[in-house]
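Only one structure is covered here, and it is reproduced in the block below.
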């Protein structure tokens, strides 16, 4: 008996991009048995657009519920009939082979949770520099440690049931918390880099800063990656100390500057390697601007994380004190 597969996605106010996502779902080489779109309190035309698609394509179902992405995903999965759940997010376009590739290890009995990958499709020079600075290539990923993101993952529905679904108290990092719960429960996980979804990096610096602030706040709220965040504070504290010494001791400015330069070069080496390939064919002015943006994007993202993380920690502590 063949397994049944449901694609699920929870959306809110995505009228400007939901049609592209639905079109890519319908165009999959391995057709889903159903597509469950959960509307989470939209106030724009998103539900109407989904309903119009559902009237044309019987495999599409519109359900409503939830107050955040976790509860919306859970509601979609509760309504899903498939034995295998393939999860994605709004604002994306699925590669035509995405579904076939991401469910293959589960259907072959080789895994219970599968992580796919995601590629940036920038719409501006800033978004190009941002995408190549902050998003690694699949070849740079260690499959053994990679935790699937909700935008590109698949799992057996009974796995979701076993771990109690996505944690509905978490407005961010809910997919990583789900992954860790699945790992702790002893289920098998694998990585399929060829199962790709395409996304647009944030188009402006302000939008990027807000994104990284909320990500880090979610880490703090969930208690995730404390050592990673502590290392970031340590590095910038050391950098501040070195700059202070350089200002007060002129004889040390050259060696300190050289040391800082080496650190910056090491920190930006990967982004520059990725970006340079994408800049071929662009004007010299565009190339220079994109290259200049890389260290500023790194710095801005780190500052946003260093502000957001303690806010999340405080929210977690405050929630603990009020329980």
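All of the numbers you see were taken from the coordinates with simple rules; none came from a lab. Every value quoted in this text rests on a predicted model; they were computed, and no experiment measured them. Heads up, the Cβs are rebuilt from the backbone with ideal geometry, glycines too, and the neighbour counts pull from every protein chain shown.
Once both axes come from the Cα atoms, what is the angle between helix 284-322 and the longest principal axis of the chain, in degrees from 0 to 90, rounded to 10?
Long axis of 284-322 versus the principal axis of the chain: about 70 degrees.
Of (1) 21.7, 77; (2) 37.3, 129; (3) 20.2, 59, which one was derived for Rg and Dmax of the Cα atoms in Å from the structure shown?
(1)
Fewest first, what order do 208, 149 take by the number of other Cβ atoms within 10 Å?
Starting with the residue having the fewest Cβ neighbours, the order is 149, 208.
For a quick check: sort 89, 95, 23 by the number of other beta carbons within 10 angstrom, fewest at the front. Write down the numbers at each step before the final one.
Numbers: 89 20, 95 24, 23 12.
Placing the least packed residue first, the sequence is 23, 89, 95.
Given the chain, what percent of its DSSP beta bridges are antiparallel, to the nearest 5?
Values: 11 of 33 bridges.
Here the antiparallel bridges make up roughly 35 percent for the chain.
Compute the angle between helix 253-278 and the longest alpha-carbon principal axis of the chain, please, reported from 0 to 90 degrees and rounded to the nearest 10.
The angle comes out at about 30 degrees.
Give me 40, 9 ranked fewest to most by other Cβ atoms within 10 Å of their Cβ, as a rough exposure proxy.
Least crowded to most crowded, the residues run 40, 9.
Before rounding to the nearest 500, sum -39500 (n - 2.57) across all DSSP H runs of length at least 4 in the chain and divide by the residue total; then give [θ] at 222 nm in deg cm²/dmol.
Only helices count here, giving -18000 deg cm²/dmol.
On full extension of the chain, what length is gained from residue 16 through residue 318, given 0.36 nm per residue of separation minus the C-alpha to C-alpha distance?
Working: separation 302, 0.36 × 302 = 108.72 nm, distance 3.72 nm.
Full extension from residue 16 to residue 318 adds 105.0 nm.
Hey, what angle do you get for helix 125-134 against the long axis of the chain, alpha-carbon based, 0 to 90 degrees rounded to 10?
Once rounded, the angle reads 90 degrees.
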